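Derivation of every value follows stated rules applied to the coordinates shown; laboratory data play no part. Just so you know, these numbers come straight off a predicted model, no measurement behind them. We place every Cβ from the backbone using ideal geometry, glycine too, and count neighbours over all the protein chains shown.
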Amino acid sequence: MKSKVSEIKISYREKLGTSKALSIKSSKDAAKLIFEQWNQDTIGFQETFKVLLLNNANKIKGIYQLSTGSITGTVVDMRILFAVIIKTLSVGIILCHNHPSGKMKPSEVDKQLTNKIQKAAKLFDVNVLDHLIIIPDGNYYSFADNGLL
């Protein structure tokens with residue numbers, strides 16, 4: 001008797017060729033790009049977690065929205081995060097989430113999550129370059145700029 005297990009396919013296709021992709025040189029570049037891509041109707045309403053996927057030259061492969069949550073938090077599923085990173089063959093990532101409250105300071109949960117992702121990323125030779133907290137007015141907090149990475 002044949003098993004009724006279906007094959008699961010994860011697909012990925014780069015929308016930009018790497019020669020046309022933008023390069024990230026600073027936290028300011030990343031924050032500006034991510035803020036411009038954010039849904040301005042929800043940035044001050046719901047917390048969302050995204051990951052900026054980069055190649056070895058820090059050129060953007062894409063932005064993946066991992067989760068959307070409530071006013072005060074969102075769930076980050078590590079398995080989905082790393083499935084996306086590995087499937088896209090990204091070697092660098094910039095984590096990003098918004099604080100609808102407008103507070104730029106990272107919470108202890110934000111710090112613990114960043115540390116957990118950073119440890120897991122080392123197993124796959126993926127560099128966590130930064131974790132940005134974006135607030136509704138476009139300002140941001142960078143973990144790397146503030147010595148937390």
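Given Ser101, Pro136, Gln46, which one lies farthest toward the positive end of the charge dipole of the chain, if we put +1 on the Cβ of every Lys and Arg and -1 on the Cβ of every Asp and Glu? Projecting each Cα onto the dipole axis, the largest value belongs to Gln46.
Shown in residue order for segment 88-98 are the 3J(HN,Hα) couplings computed by the Karplus curve 6.51 cos²θ - 1.76 cosθ + 1.60 at θ = phi - 60°: 8, 6, 6, 10, x, 9, 10, 7, 7, 8, 9 Hz (x for Gly and Pro).
Tell me the chymotrypsin sites (Phe, Trp or Tyr not before Pro) within segment 31-92 that lie in a loop according to DSSP and have at most 16 other beta-carbon atoms within 10 Å. Mind dumping the intermediate values first?
Working: sites: Phe35, Trp38, Phe45, Phe49, Tyr64, Phe82; in loops: Trp38, Phe45.
Taking segment 31-92 and a limit of 16 other Cβ atoms within 10 Å, the loop chymotrypsin sites (Phe, Trp or Tyr not before Pro) found are Phe45.
Once C-alpha pairs closer than 8 Å and six or more residues apart are averaged by separation and normalised to the residue number of the chain, the relative contact order reads 23 percent.
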